[in-house]
Structure formats: C-alpha cells, structure tokens
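Engineer: The following block contains the structure, expressed as structure tokens.
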Amino acid sequence: MGATKAEEFSVKDNRLSKYAKALAHPARVAILKILLKRNACICGDIVEELPLSQSTVSQHLKELKEAGLIKGQIEGIQRMVEADADTPDILMQVVSARQALKSFSEEVIESHVLECIEGAKGQGEGGREIRDLLQVLKRYAA
C-alpha cells in the first residue's frame with residue numbers, strides 16, 4: 001500500500017478520517033446501535049444479536065475502540081466479575097483492556113507529537129514545543 005501523506009493534513013482531519021473509516025463497515029454501525037440501545041455491553045451480548053462470530057465482533061470492537069468511538073473495557077470486566085464469569089474469560093478481557101490502553105496511549109502520544117510539531121512550525125517556538133513533547137514522553141515511559 002502506498003503512503004497516505006496523512007501527516008500533511010491537520011490532526012482534526014486525520015481524526016475525522018479515522019472515525020469515517022471505522023464507520024464504513026455495516027457490522028460496526030450495527031454494533032454501535034446495539035451499544036447505544038443498551039448503553040453498555042459485553043462482547044457475548046453483541047454476538048447473540050448479530051450473525052457474526054465472537055472473534056469477528058471482537059475485531060470490530062477493536063476497530064471502534066482504536067478510532068475512539070467506544071470505550072468501557074473496564075466496566076465490562078466488572079460486570080463479568082459480578083456475574084461470576086469463568087476466570088480465564090475474565091483474564092482474557094483484562095489482557096484485552098491492557099492492550100487497548102496501550103494502543104490508546106500510543107495514539108494520544110502520536111497526536112501530541114503531531115500537534116507539537118505543527119505548533120513548532122507555525123510559531124517558530126520549536127525548542128519549547130520539543131521540550132514539552134519530551135516531558136510527555138518521559139512521563140509515559142516512567
């Protein structure tokens with residue numbers, strides 16, 4: 001696949017593009033409708049309503065999460081614990097939540113880096129912007 005040149009567009013335009021890409025699949029739209037209707041959900045609940053496998057639903061949920069359209073992994077884990085779900089299933093969700101947090105953190109950092117660079121270009125204050133960026137990266141690495 002060729003280069004997208006996404007860096008040549010604003011952070012807002014890139015974010016909107018990410019939302020549009022996530023919503024471009026009808027299964028993801030259906031998942032969002034289910035989530036809106038219930039205001040909370042566990043993956044298994046969605047599988048019961050859609051003609052999709054658990055792994056397919058999980059992949060669509062991951063895409064929606066990465067786009068920033070949904071959140072709530074922790075609430076789902078809490079519900080599983082309260083419902084006395086099997087420990088391996090709970091642990092799988094914990095691992096998934098950790099991966100989602102890591103992915104989200106990386107996206108926040110990338111967005112901040114791009115904003116710092118754009119700000120440094122536009123204001124001629126590259127040194128201050130880069131120092132701010134380094135402080136964020138040091139906190140993340142700690």
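Engineer: With θ set to phi - 60°, apply the Karplus curve 6.51 cos²θ - 1.76 cosθ + 1.60 along the range 48-56 and write out the HN-Hα couplings as whole Hz, x wherever there is a Gly or Pro.
Structural biologist: Once rounded to whole Hz, the list reads 5, 9, 10, x, 10, 6, 4, 5, 5.
Engineer: Roughly how many debye, to the nearest 20, is the charge dipole of the range 11-71 about its Cα centre, given +1 on each Lys and Arg Cβ, -1 on each Asp and Glu Cβ, and no other charges?
Structural biologist: Value, rounded to 20: 300 debye.
Engineer: Here's a follow-up. Give me, ordered by chain and number, the residues 5 or more places off residue 85 or on other chains with an amide H under 5 Å from its own placed amide H.
Structural biologist: Hits under the 5 Å cutoff: none.
Each reported figure results from applying straightforward, stated rules to the coordinates on display, with no laboratory input. The structure presented is a predicted model; accordingly, all values stated were derived computationally and were not measured. Cβ: placed from backbone, ideal geometry, glycine included. Neighbour counts: every protein chain shown.
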